[in-house]
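> Can you read through this structure? Questions will come right after.
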Amino acid sequence: MDIHRLTLSDDHEHGPEQPRPQIALTRREFLKGAGILTGTLAASSILSALAPSRAWALELKTLASAQGDALVQMGKVLYPHKGLPDAVYALLAKDLDGAAGKDPNSAQMLGEGIAALDKAAGGSFVTASDAKKLEAVKSLEGTPFFKTVRGQCITSLYNNEMAFAHFGYPGPSWDKGGYFTRGFGDLKWLPDPPGSASPAPYKA
Amino acid sequence: MAKFELNDDSVVVVIGSGAGGGTLANELCQKGVNVVLLEAGKRESTATFINDEWNSFGQLAWLDKRTTSGTWRVAKDFSGLPAWICKTVGGTTTHWAGASLRLHEHEFRARTVYGDIKGASLLDWPLTLKDLEPFYSKAEDKLGVTRTHDVPGLPGNNNFKVMYAGAKKVGYKDCNTGHMAINSRPRADRGHCLQMGFCFQGCKSGAKWSTLYTEIPAAEKTGKLDLRPQSHVLKIEHNDAGKVSAVVYRDADGKDQRQKARVVCVAGNSIETPRLLLLSASPKYPDGLANSSGQVGRNYMRHMTGSVYAVFNEPVNMYRGTTMAGIITDEAGNDPKRGFVGGYEMETLALGLPFLAAFLDPGAWGPEFTYFLDNYTRMAGMWLVGEDMPRPTNRVTLNSAEKDQYGLPVPNVHFDDHENDVAMRNHAYAAGEKVYQAAGAVKTFRTPPYPSTHNLGTCRMSANPRDGVCNKWGQTHDIANLFVSDGSQFTTGGAENPTLTIVTLAIRQAGYVAEQLSKRSI
């Protein structure tokens, strides 16, 4: 499984979290842009068994690498999951980068928000201690920047195949014939209900 | 499939193709009546449904602009999405879970049985359970409801096993896999349930009843149905005599069309139905059609809802199998000793990872939240659904400050929980937690209401024309050839999932409309 196949399309517009107008806007030049995020999947990660290579890279079109790193770290403060690879959090940076590319106002808000994180962390948010990071994120709660990043986390972090594999959610079941013969009622640690409450499955 | 002329003024125009409109259209066609069925959404199929929560939401949900106000939590969490209902041929029958329960006898007499509840506009229905029983039976047969008409119950999934074990330990008597409009065995040319999950995303096997692949094709076969998808109704017009005479809609090509009509039946769900009546205001009807009572849009009900999710030490994998896999009905009666009137049902519910993240605790972050997702495979879930109090101030109105893609004022949905709703929700949360704790839960969570799927009451039936919008046939008090054919008719909400009652009323209404047509009284 290639990292590019694992990444989400930008088709999140329909979620209630993030209604975004699909308007093409010209990008302003105040951002340095064209960053790249890289990482390595831990050998112990369930995802490393799925991927052809443990090394991954993700290109940013509008945000700088340092800004992408800051968003990854902010995602980890907001939604901490032990063992969830940075490759998943990088999708947050990718999706926000996509939004910044479509809307200069969004790009500016992200740039300013990241600068505010750095300031609140006493210089560099990315290299600050966990406690300082949490404090910096909390200090921005309620701002449009915070709301945008937090809302984007919901679809970026939890609606992709890597997250599905990590959390144990198999996604679509139609192509596998559902769970009729694949354990819809395989729970054994509680007694089975009687047939009057839960009749036997249909047999042709 | 028929094709009727736009100036054919002999047709019945039905607006909306869901549980109410889709059923009504078919029932009328079966009786030989010519029907133009206007549906705002596109026509999908079991082949095009998507086993993916967000993509399916984009495909099926009604996403036109709406606004919210009031103190309900949905207005804070999902300010632009008061309701989770559908814009597609088949309407919300593509999305519903399939729970098919009759209203209880006392729920038709809510004002009499519950008394004068302060801050509520309770009213008795102008009909009784006895009136509806034969039609309920027809509806159950049509939908293939399990545990009726010799249709066996569905087999329980893991989520149900957890509910059942907990229910028995806390002493509940009535817990089973429910009355579901999902084939437990092949029936009516549709296969049996494959336990896929994704009931909310359109059933890809077609085992769950939806008008999309039952009523509508059956109506098409009669040669009496002219279904027009992607036809969004903008206005209902009337003649000098005050009778409705035509419906103006925007077609798939963006052109406005005017379909003449002998009768108009509105079934756009409880937000769009009153909105359309209000949008159709004219010099003769300055407050909107059928609104001499001032009740159009008022008494909006959404059911008392909430969910309890619980984490266990062992795997559950709640996403496997039917989404609503079982029910506890012990709390459904009216027992004011609990501190509230009316009752509630407890029904299993499962969300996939993407929607659990979105709906478990909207706006939340940090380790208390991520704990639940970390334990996704070991979670069970149930939905709590009960009777909420109608209030005149809970209301769908036109928001002239915001316009939709047609340039029309968007609907605003205002809702404040009644104290009875709050007391019931707290009781239900505690009861749900007790069930899961008895089954061995290590942690439970009280999930707030999702955007409303049960939208009711905004054009309610009343015996007295002063108190409501339509009579016991769904015929508006003011305009004899204008009918309300969806959940908007409900005088009160009852505790039960409303679809079976919507279908029942549609079957009954079809007989009345056909009879009035043949008597030439409309």
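> Across the range B:347-358, in residue order, what do the Karplus-derived ³J(HN,Hα) couplings come to in whole Hz, using 6.51 cos²θ - 1.76 cosθ + 1.60 with θ = phi - 60° and x for Gly and Pro?
Calculated HN-Hα couplings, in order: 10, 4, 8, 10, 10, x, 4, x, 7, 4, 4, 7 Hz.
> Separate question: With N residues in the range B:142-275, what two-decimal value do you get for its Cα radius of gyration over 2.2 N^0.38 Å?
Numbers: Rg = 21.2 Å, N = 134, 2.2 N^0.38 = 14.1 Å.
For the range B:142-275, the normalised Cα radius of gyration comes out at 1.50.
> Continuing with the same structure: Going by amide H atoms built from the backbone, whose H comes under 5 Å of the H on B:Gly326, apart from near neighbours?
Residues meeting the amide H criterion: B:Thr348.
> Within the protein assembly as shown, what percent of beta bridges assigned by DSSP are antiparallel, to the nearest 5? Provide the component values of the computation, followed by the final result.
Numbers: 51 of 72 bridges.
Counting DSSP beta bridges with both partners in the protein assembly as shown, the antiparallel share is about 70 percent.
> Still on this model: If you count, for each residue, the other Cβ atoms within 10 Å and average over each peptide, how do B:239-250, A:147-158, A:109-120 line up from highest to lowest? Walk me through the numbers before you get to the answer.
On the way: B:239-250: 16.7, A:147-158: 22.9, A:109-120: 18.7.
Listed from highest to lowest mean packing, they are A:147-158, A:109-120, B:239-250.
> Run the quick spin-label model on B:Asp404 and A:Arg182: label points 7 Å from Cα toward the beta carbon, then report their separation in nm to one decimal.
Once both label points are built, they end up 3.8 nm from each other.
> Also, I was wondering about something else. Relative contact order for chain B: what percent, with Cα pairs under 8 Å and sequence separation of 6 or more? Don't skip to the end; give the middle numbers.
Numbers: 1319 pairs, mean separation 128.6, N = 522.
About 25 percent, as a whole number.
> Here's a follow-up. Using helices alone, I'd like the mean residue ellipticity at 222 nm for the protein assembly as shown: each DSSP H run of four-plus residues gives -39500 (n - 2.57), total over residue count, nearest 500. Write down the numbers at each step before the final one.
Values: 19 runs with 214 residues, N = 726.
Calculated from helices alone, the mean residue ellipticity at 222 nm is -9000 deg cm²/dmol.
> Next question. Sort all Cα-Cα distances of the range B:364-522 into consecutive 10 angstrom bins from zero, then give the percent of pairs in each bin up to the one containing the longest distance.
The distribution over the range B:364-522 is 9, 26, 27, 22, 12, 5, 1, given as percents.
> Regarding the range A:72-169, what is the average projected area of its C-alpha convex hull, in nm²? Mind showing how you got there, number by number?
Details: hull surface 24.3 nm².
For the range A:72-169, the mean projected area of the Cα convex hull comes to 6.1 nm².
> Also, I was wondering about something else. Could you work out the Kirkwood radius for the range B:103-155, taking every pair of different alpha carbons, averaging 1/r and inverting it, reported in Å? Could you put the intermediate results ahead of the total?
On the way: mean 1/r = 0.0764 Å⁻¹.
About 13.1 Å for the range B:103-155.
> Near the amide H of B:Lys235, under 5 Å away, which other amide H atoms are found, from residues 5 or more places off or on another chain, if H is placed in the peptide plane?
Hits under the 5 Å cutoff: B:Val248.
> log10 I(q)/I(0), Debye, Cα-only the range B:202-262, no solvent, q = 0.12, 0.13, 0.25 Å⁻¹?
Results for the range B:202-262 at q = 0.12, 0.13, 0.25 Å⁻¹ read -0.46, -0.53, -1.00.
> Let me ask another. For the range B:1-99, which GluC sites (Glu not before Pro) are in a loop by DSSP, counting at most 13 other Cβ atoms within 10 Å? Before the final figure, lay out the partial values.
Details: sites: B:Glu5, B:Glu27, B:Glu39, B:Glu44, B:Glu53; in loops: B:Glu5, B:Glu39, B:Glu44.
Counting only loop positions with at most 13 other Cβ atoms within 10 Å, the GluC sites (Glu not before Pro) in the range B:1-99 are B:Glu5.
> What does the convex hull of the Cα atoms come to per residue for the range B:434-500, in Å³? Display every interim value, and only then the final one.
Values: hull volume 8.3 nm³, N = 67.
In the range B:434-500, the Cα convex hull volume per residue is 124 Å³.
> On average, how much area does the Cα convex hull of the range B:94-133 cover when viewed from any direction, in nm²? Write down the numbers at each step before the final one.
Details: hull surface 17.2 nm².
Seen from a random direction, the Cα hull of the range B:94-133 projects 4.3 nm² on average.
> Under 5 Å between amide H atoms, partner at least 5 residues away or on a different chain: which partners does B:Thr88 have, H built in plane at 1.01 Å?
Result for B:Thr88 returns B:Gly41.
> Once the Cβ-Cβ distance between B:Glu419 and B:Ser79 is put in as r, and R0 is 30 Å, what FRET efficiency do you end up with, to the nearest 0.05? Don't jump to the answer; show the numbers that get you there.
Numbers: r = 24 Å, r/R0 = 0.79.
It comes to 0.80.
> How large is ³J(HN,Hα), in whole Hz, for each residue of the range B:196-211 in order, when computed from phi with the Karplus curve 6.51 cos²θ - 1.76 cosθ + 1.60 and θ = phi - 60°, using x for Gly and Pro?
6, x, 6, 4, 6, 9, x, 7, 6, 8, x, 6, 7, 5, 9, 4
> Under the Kirkwood approximation for Rh and a Cα-based Rg, what ratio Rg/Rh is obtained for the range B:82-220? Please report the intermediate quantities before stating the final value.
On the way: Rg = 17.6 Å, Rh = 17.3 Å.
Taking Rh as the inverse mean 1/r over Cα pairs, Rg/Rh reads 1.02.
> Follow-up. In which sequence would B:Tyr319, B:Tyr450, A:Tyr79 go, from the one with the fewest C-beta neighbours within 10 Å to the one with the most? Let's see the in-between values first.
Details: B:Tyr319 28, B:Tyr450 22, A:Tyr79 25.
By the 10 Å Cβ count, ascending: B:Tyr450, A:Tyr79, B:Tyr319.
> Quick one: work out the % antiparallel among DSSP beta bridges in chain B, nearest 5. Please list the in-between numbers first.
Values: 46 of 67 bridges.
In chain B, approximately 70 percent of DSSP beta bridges are antiparallel ones.
> Compute the distribution of all C-alpha to C-alpha distances in the protein assembly as shown, in bins of 20 Å from 0, and list the percent of pairs in each, rounded to whole numbers.
17, 49, 29, 4, 0
> Across peptide B:324-333, what mean number of C-beta atoms from other chains lies inside 10 Å of a residue's C-beta? All intermediate terms of the calculation are to be shown ahead of the outcome.
On the way: counts 0, 3, 3, 0, 0, 0, 0, 0, 0, 0.
Per residue, the number of nearby Cβ atoms from other chains is 1 on average.
> Can you name the helices of chain B, as whole DSSP H runs, whose Cα span along the helix axis is 24 Å or more and whose Kyte-Doolittle mean is not below -1.0? Show your work: numbers first, answer last.
Details: long enough: B:419-438 (29 Å, -0.82); B:499-518 (28 Å, 0.73).
Result, helices passing both filters: B:419-438, B:499-518.
> Taking only the alpha-carbon positions of the range B:230-352 and ignoring solvent, what does the Debye formula give for the base-10 log of I(q)/I(0) at q = 0.15, 0.21, 0.22 Å⁻¹?
Log10 of I(q)/I(0), two decimals: -0.84, -1.16, -1.24.
> Can I get the semi-axes of the range B:2-112's equivalent ellipsoid? Compute them from the C-alpha gyration tensor as square roots of 5 times the eigenvalues, in angstrom, largest first.
Numbers: eigenvalues 163, 101, 52 Å².
Computed over the range B:2-112, the values are 29, 23, 16 Å.
> Per 0.36 nm of contour for each residue apart, how much would the distance between A:Asp192 and A:Thr38 grow if the chain were fully extended, relative to their Cα-Cα spacing? Can you show the working numbers first?
On the way: separation 154, 0.36 × 154 = 55.44 nm, distance 4.88 nm.
Answer, rounded to one decimal: 50.6 nm.
> Computed FRET efficiency, Cβ-Cβ of A:Ala131 and B:Lys221, R0 60 Å: what is it to the nearest 0.05? Let's see the in-between values first.
Values: r = 69 Å, r/R0 = 1.15.
Once rounded, the FRET efficiency stands at 0.30.
> Where does chain B land on Rg/Rh, using Cα atoms and the Kirkwood Rh?
On the way: Rg = 21.8 Å, Rh = 22.9 Å.
Across chain B, the Cα-based Rg/Rh ratio is 0.95.
> What length, rounded to one decimal in nm, is gained on full extension from A:Asp175 through to A:Gln108, with 0.36 nm per residue of separation minus their alpha-carbon distance?
Working: separation 67, 0.36 × 67 = 24.12 nm, distance 4.31 nm.
The A:Asp175-A:Gln108 span can extend by a further 19.8 nm.
> Also, quick follow-up: Which distance in nm do the two modelled labels at B:Asp287 and B:Lys65 give, with both placed 7 Å along the Cα-to-Cβ direction?
Taking the two extended label points, one gets 2.8 nm.
> Report the extension gain between B:Glu105 and B:Lys130 in nm, rounded to one decimal, defined as 0.36 nm multiplied by the number of residues separating them, less their alpha carbon distance.
On the way: separation 25, 0.36 × 25 = 9.00 nm, distance 0.81 nm.
Net length gain for the segment: 8.2 nm.
> Do any GluC sites (Glu not before Pro) in the range A:131-204 lie in a DSSP loop with no more than 14 other beta carbon atoms within 10 Å, and if so, which? Don't jump to the answer; show the numbers that get you there.
Values: sites: A:Glu135, A:Glu141, A:Glu161; in loops: A:Glu141.
Qualifying residues, ordered by number: A:Glu141.
Bear in mind these aren't lab numbers, they're just calculated from the coordinates by the rules spelled out. Every value quoted in this text rests on a predicted model; they were computed, and no experiment measured them. In this analysis, Cβ positions are derived from the backbone assuming ideal geometry, glycine residues included, and neighbour counts consider all displayed protein chains.
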